[in-house]
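So the structure is just underneath, and the comments pick up after that.
A short reminder: the numbers here are calculations on the coordinates, not readings from a lab. This is a predicted model, so every value here is computed, not measured. Don't worry about glycine lacking a Cβ; one is built from the backbone with ideal geometry, like all the others, and counts go over all protein chains shown.
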Amino acid sequence: MSRSVSAGVTTTAGSAGELAARSPARRDDPGLAIVAEGLVKRFGKVTALDGVDLHVPYGSVLALLGPNGSGKTTTIRILTTLLVPDAGRAVVAGIDAVKAPARVRPLIGMAGQYAAIDPKLTGRENLIMVGRLAMLTRSAARQRADHLLTQFHLQDVADRFSRTYSGGIRRRLDLAAALVHRPKLLFFDEPTTGLDPGSRRDLWAVMEQLVAGGATILLTTQYLDEADRLADQVVVLDHGKIIAQGTPAQLKAGLGSSVVDLSFPDETIAARAVHALAGANRPAQRGDHVEIPVTGNTESAMSILRTLQAHDLSPTSFAMREPSLDDVFLELTGHHTTEATDHQEVAKR
Amino acid sequence: MSVAIGVPTPRAVALTNAATITWRNLMGFVRVPQSIFFASLQPTMFVLIFNYVFGGAISRSLPPGVGYLDYLMPGVFVMTLAFGTILTAIGLAEDLNTGIIERFRTLPMARSAVLSGRTGADLCRSLYVLGWLTALGYALGFRVHQGLLGFLAATLLTLTFTFALSWVLCLVGLLAPSGESANLMSFPILFPLAFVSSGLLPISTMPGWLQVFAAHQPVTYTVNAVRALILGGPAATAVIGSLAWSAGILVVFAPLAIWRYRRAAFG
């Protein structure tokens, strides 16, 4: 995208027209719901964001993909007026989120990783409260709550205290609460992190419903399959920088459709397996594990096993799984997700 | 209300938002039966314990013709309401630890509402506790000597002071890392204010150095004013003193609490 030139480049270009374009009143493409340019945010000595550019057209879904600490949440907090960046521009629905946060808030809805609902109120009361806070009349707030409870299939639990809700239902109510004031743009910060598989699928269905309705969504996630399922565009963040962006298909192109995960009795044997398989595949070793991205399914798995047999190597276990965020990182950076990997592993146990 | 039509003024938004948050906080109070029970139990114990345990000993240091229960009730009014503001600190600290404040911050609502809704709910709860205490006092023999008007003026003065004080506790809640520590942090503020005062007994019985503090702190002024308005006697100095303290506390602590809240908002 031509607008994503860095500030430094634009300054040196220096024609009169471009200078005018850089003045505060400059107009962004009106088809863009979100424009972020050169966002920088530091917390003490830690640089959480190091020059992030984003361009999100109306009616599209952008996923920020990255491990913990990669800058996803910082980005979303800047765009939702919760945080002021140290440098860069954040324009949401045509309005500068840094200079005029109060004018941005009516246009955005936010649902976070930690469901922002009041446990002492019922689900219905939570929605009515948000409606009243957004200055709907009493009856309008009640109608809006009814509508959303139906839309999100929450009628059965609507009059129970929300502290009794399961994690999945709480997140669903949280999404509903983000929609009460009919925002033009939605921000979801890790909407399914920590949920069981059933609740995740359930929440995906809810978000897909919104996407089908033409909503503009920016979501953050640690899950490749989530980004793949929901997003038109994926931006991969690592240590506050964008390391890749494209459609989910482009991102997964280098990954193959599955990953064969083999384990061996020890690292030496695993290294020998890597050596044996290196000819036809791109195996990666991880301790006594060897991971090989494959495109065909059974056929390629069979050929891997045949190769191993020919070298007299037998894995102690064999598994096939979908590519994960970690595989994307390995492909893009040559290293595994740092730090976050540990969190994820811990979370899985 | 025709708020859906046209753009409401910022003042209308702030008031409606504050009312909504007040409602939300009161729901949290009313819905938990224990909180109503304990909100009533503590002042009941204050009245019973002080009246029956200390009453006999203290009545000798009272002005002639004043029974200890009549002397005690104005003190318990003010002390109980002052202690009640702890719930502001705890509630706010707990809110900050859940995601709910995040939601409020991203909504197009008045920034002041989270805090004014807290202190507003406090005010409503105080009103309930005052009603309960008055009924309890009457059952035990407490009587208002200066008529309804004096009693209403005393109520208003107590609520004004409690409202001001709850902004101090707002700040405590915003500084506390959790609801529990908000509770602990509140006690060093409220305990000396409540007990080193004329609430339970005349300050003339205290050591001289303590009298200096006791005589000039807001709880004493407010208790003395309430006592004079209910029982009779010169009220002007105490009323002015109490109002001046309330105004002073509001002027200093309301902006501090709002500042702290905003700062938290922009991490």
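Any chance you could give the angle, 0 to 90 degrees and rounded to 10, that helix B:86-97 forms with the longest Cα principal axis of chain B? Result, in degrees: 20. Here the peptides B:215-222, B:115-122, A:144-151, B:58-65 are ranked by packing, the mean other Cβ count within 10 Å, and the order with the highest first is B:115-122, B:215-222, A:144-151, B:58-65. Note on A:K72: lysines with a C-alpha under 19 Å away, same-chain residues under 8 apart excluded, are A:K41, A:K45, A:K241. Principal semi-axes of the equivalent ellipsoid, √(5λ) from the alpha carbon gyration tensor of the stretch B:157-267, are 29, 17, 10 Å from largest down. Comparing Cα centroids, the stretch B:99-151 and the stretch A:35-83 end up 42 angstrom apart.
Each of the peptides A:100-106, A:225-231 was scored by the mean count of other Cβ atoms within 10 Å over its residues; in descending order, highest first, they stand as A:225-231, A:100-106. Can you tally the net charge around A:L121? Count Lys and Arg as +1, Asp and Glu as -1, for every other residue whose Cβ sits under 10 Å from the Cβ of A:L121. Overall, the nearby charge balance is +3.
Once the Cα atoms are used to define both axes, helix A:267-277 deviates from the longest principal axis of chain A by about 90 degrees.
In summary, the convex hull built on the alpha carbon positions of the protein assembly as shown has an orientation-averaged projected area of 37.3 nm². Each DSSP beta bridge with both residues in the protein assembly as shown is either parallel or antiparallel, and the antiparallel ones are about 65%. For B:T98 and B:T205, the FRET efficiency from 1/(1 + (r/R0)^6), where r spans their Cβ atoms and R0 equals 51 Å, is about 0.65. This model, with +1 at the C-beta of Lys and Arg and -1 at the C-beta of Asp and Glu, gives the protein assembly as shown a dipole about its Cα centre of some 2460 debye. Convex hull volume of the C-alpha atoms in the stretch A:79-155, normalised per residue: 119 Å³. Counting only DSSP H runs of at least 4 residues, each contributing -39500 (n - 2.57), and dividing by the residue count of the protein assembly as shown, the helix-based mean residue ellipticity at 222 nm comes to -17500 deg cm²/dmol. Rg and Dmax of the stretch B:10-265, both derived from C-alpha coordinates alone, stand at 18.6, 61 Å.
Peptide A:118-126 shows a mean partner chain C-beta count of 4 within 10 Å per residue C-beta. Shielding of peptide A:131-144 by partners, expressed as the average count of other chain Cβ atoms within 10 Å per residue Cβ, is 4.
Taking Cα atoms only, the orientation of helix B:218-231 departs from the longest principal axis of chain B by about 60 degrees. Specify whether the C-alpha gyration tensor of the stretch A:102-192 places it in the rounded, prolate or oblate class, a ≥ b ≥ c being the square roots of the eigenvalues: rounded for a/c under 1.5, otherwise prolate if a/b is larger than b/c and oblate if not. Oblate.
With the biggest extent put first, the Cα atoms of the stretch B:214-267 measure 52, 19, 12 Å across the principal axes.
Shielding value for B:19-27 is 4, the average number of Cβ atoms from other chains within 10 Å of each residue's Cβ.
Counting charges near A:A145 (Lys, Arg +1; Asp, Glu -1) among other residues having Cβ under 12 Å from its Cβ returns a value of +2. Relative to a virtual label point 7 Å from the Cα of B:A244 in the Cα→beta-carbon direction, which members of the stretch B:201-217 show backbone nitrogen distances below 18 Å? Output list for this probe position: B:212-217.
If you take all other residues with their beta carbon under 14 Å from the beta carbon of A:R306, and give Lys and Arg +1 and Asp and Glu -1, the sum is -2. Only Lys, Arg, Asp and Glu carry charge here, each on its Cβ (+1 for the first two, -1 for the last two); on that basis chain A has a dipole of about 1700 debye about its Cα centre. Quarter the surface of the alpha carbon convex hull of chain A and you get the mean projected area, 21.2 square nanometres.
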